[in-house]
Every structure is written in C-alpha cells, then in structure tokens.
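Worksheet: the structure to be examined is printed underneath.
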Amino acid sequence: MVIKILNLLVLALIAATTTAAETSAVEIGPWNYFPFVQQGFVTPQFTVTLPQPGHFIVTDFQCIGDTYIPVVNSTQYTFSSAVEHFEATEINCMDYGTSPDEALRLGRFSWSAFALPPGQHLIKFVVQASPFYSGIGAFKVSPGPFVRPSDKPAFVPLLLAKVADVDAAARACRGQGFRLADVYAGTMKSAAIAVRESGALALPGAKTVEQFFIASWDGNTYGGVNLALYVSQKGASMNQADGNPHYALCETVPGALPNYKVEATELKIGNLDGLSVVGPAGPFLEYGTKCALVGKVPAVLYGSEDAVFKEASRIVFEALGQKAQVWLRGWDTEQSNVLMMFSVDGGSASGSATPIDSSLPRAYLCRNKAAETDGIKARRSEL
C-alpha cells in the first residue's frame, strides 16, 4: 500500500513537472527534488550559477534502493569521478527516510558528491536503478569543496556575496549549513589555504589582501567586534575589519554522518521455505535490513500454511525459549508491522498479535524470497 500511494504521488508530481519550464533555476544551499518513474527516466534540467568552486550531492531517500547518475553540462558523470560515493547494499521499502538529511544521517541510502567549478551549470539526472518503479530523489548545490562531516571542522570561504558585519556573516554561514569560523593560531594556515584554493583572491576586483569575517580568534570574540582574517597569496593575519563589506569564512559543523551498520545472525534455521530466526532484534525499522544481510526477506505467514507456522514456532522455541516475540512482515498479507508472540506448550504451537513486552526475548522471522510469491492464502483462525 505504501508503494502504491507513493506511485500515485510521483505520477502527480511528474505531471506537474512536465507542464512547467523544461529548465528550472535552483538556489545554492537548499535541497531540490525530482520525481521519477522507472529505470532510465531522465529528469528535467536544473540550472545553477556558482561564483566559486563548489559541489553538489545527490541522494536517495524514502525507499532504499534507487540510484541516480548526474549529467552536468551534457557530460555524464560516473561514480568513479565522485568526490565520495556510498552504495546501498539493500533494497527495501520498510526502512523509510522521511527527508534527504535523515537518509544521509542513517548512512544506508545511496548518495554521491561531485565537485563543481565556478560558473553556470545545467544538471539533470538519469535513474540508474529503480526497484520500486517510481520515487523521489534529492540534490543540493553548495559552495566550497565537499567535506564529510567529522570531529574536525573544515574551512569554507563563502563567496556568494559580501556582507556588512560579523552578524550578517554568521547568518550567511548558517544559511548554507555551516557556522562562522573560529580561527586559532594553530589553524590560521589551514584557513588561509582554504581561502586561496577557493579562488577568492583571483575574483574580478579582488585586492592583494582580502578580509574574511570570522567568529573568534583563539577562542576570543573581543567583545563582539568585527574580526577578520586578512589573507594574501603569501601570508595571513588577524585584525579588526576595516568597516567595509567582506566575505564570510565559514566552517563545517562537526558531527559525522555515520555509515550505519546493522549486524544480523541466523539464530536458528528451519527446514521449510528457508525460515530462520534472525537477531539480535531491534526496532521494526531494521527488519528488512537484517533479513537481507542473511539473504532473505521479512516473513509473511499464511493461514493455509499450517506446516510452515508450526515450523516457525519450533525454530522460535529452539532459538529463544518457551515464550518469545518475533517480528513478522504480515499475516496473510503485507502489513506495516506485526509483532507476534509464539507460545509452545506440550508440543502444540500458537501465535497471536501482541504489544511489545520488554521482558521477553525478541527476534525477526525471515524466509526465502520465493516463498513470498505464492499468493494470498486463507486466514488462520487463531488470529
């Protein structure tokens, strides 16, 4: 049902897109979205003008499994030319990224970052993979080189426009997802190198020594005066700004986007349809991933499969004990989530939908993918 609703939304978005201008101008900084249907789909074209070297990042979100190849100024990019590229190792629509930022934070959706030189660029995307036949991708263009967030910030001169003072510089940095830079004696050389590599000293009208607003020097704001880093091709120094508008020197905000790793172990393997109990159990969000790691899919149990139900109960009992809770993908049909409690007493097995009980052991029930293609069966009377 989730996928069907998404397909309808995507078709509506594409219909709206095709009636709009073929090329759309995008801003530097915010996320931009492109709906698509099927593998091979080519998105409308976007245009953006960068006043300095920069980069763009394109990411999958919502259902995991879509990948995109960018075409910039009629040149198709490859993943080998990316500054950094992450390939998802799973395909499922149960783990759901509600936004591009959340998808990047989880580190489980495919994404790529590419460098962009200054100037005007025409960008479009070719859908390389679309296991769900439709979806929505996202990309954004940012100034400066792509720097994967880490515990150590990186300097990014912001050359979009000169601003009047430190407060305006701080707002400009925040608007791009950065913060106004704190510069120390030990990091001044790195800051000056970032300025030179940005091309700021070679811009039309650039002075021999350019000033960049900074937040502090060696941890001191000096009472909130307009501090600036003075940079030339051969040196750098810190002083109070001269009262004229200047560019902001930003820095990335520490805080890594972890490559989220999920570990899974088959606690017990059954004798029918590749049934297996997989753990350790976490939230339902991780269900599809953990089954995929052992080469299987989340299990749907059917009322007509009495032998399969008994086999599932047996391996759950052998893996987890007399009473246990096991996540299912659904009962007789796919559902958003079902937590079943299996009870084995005197050789007879029973199951019932149940709320989470933190005192009981929990796991996931997975099975071979082929076993999920047999169609809908009759509902079991116990549930």
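The table below gives the values:
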read-out	value
Count of residues meeting criterion [open to solvent by 10 Å² or more (accessible area, probe 1.4 Å), of a type in the set (A, V, I, L, M) and in contact (Cβ under 8 Å) with a residue 60 or more places away in the chain] in the range 178-202	1
From the options Ala129, Ala88, Ala103, residue that is in contact with a strand residue (DSSP E or B) (Cβ under 6 Å, 6 or more places away or on another chain) and modelled with pLDDT of 85 or more	Ala129
Subset of the range 293-305 [in contact (Cβ under 8 Å) with a residue 24 or more places away in the chain and either more than 17 Å from Asn368 (Cβ to Cβ) or not hydroxyl-bearing (Ser, Thr, Tyr) (or both)]	Leu293, Val294, Lys296, Val297, Pro298, Ala299, Val300, Leu301, Gly303, Ser304, Glu305
Test: residue in the range 72-87 that is of a type in the set (Asp, Glu), in contact with a Gly (Cβ under 6 Å, 6 or more places away or on another chain) and closer than 25 Å to Ala292 by Cα	no
Subset of the range 127-147 that is touching a helix residue (DSSP H, G or I) at 6+ places or on another chain (Cβ under 7 Å) and assigned to a strand (DSSP E or B) - its residue that is surrounded by the fewest Cβ atoms within 10 Å (Cβ to Cβ)	Ile136
Within the range 31-98, strands (runs of 3 or more DSSP E) holding 1 or more residues that are among the charged types (D, E, K, R)	54-60, 84-86, 92-97
Members of the range 108-126 found to be touching a residue at least 60 places away in the same chain (Cβ under 8 Å), part of a strand (DSSP E or B) and open to solvent by less than 30 Å² (accessible area, probe 1.4 Å), listed by number	Leu116, Gly119, His121, Ile123, Phe125
Which numbered condition Glu27 fails, given (1) outside any strand (DSSP E or B); (2) at pLDDT 80 or above; (3) buried (at least 17 other Cβ atoms within 10 Å of the Cβ)	(3)
Neighbours by Cβ (under 8 Å, 6+ apart or cross-chain): first from the range 61-90, more than 20 Å from Trp31 (Cα to Cα) and open to solvent by less than 60 Å² (accessible area, probe 1.4 Å); second in a loop (DSSP other than H, G, I, E, B) and among the charged types (D, E, K, R)	Phe79/Glu87; Ala88/Arg108; Glu90/Arg108
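One line per residue, one yes/no per condition, for (1) open to solvent by less than 70 Å² (accessible area, probe 1.4 Å); (2) within 30 Å of Glu311 (Cβ to Cβ); (3) part of a loop (DSSP other than H, G, I, E, B):
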site	(1), (2), (3)
Arg171	no, no, no
Phe212	yes, no, no
Gly223	no, no, no
Leu229	yes, no, no
Gly243	yes, no, yes
Lys268	yes, yes, no
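The values are calculated or read from the model by the stated rules, or taken from the named source; none is laboratory data. What you see is a predicted model, and the numbers here were worked out from it, not measured in a lab. Quick reminder, even Gly has a Cβ in these numbers, built from the backbone with ideal geometry, and neighbours come from all protein chains shown. Accessible surface areas use protein heavy atoms only, side chains included; no ligands, DNA or RNA. Shrake-Rupley method; radii C 1.70, N 1.55, O 1.52, S 1.80 Å.
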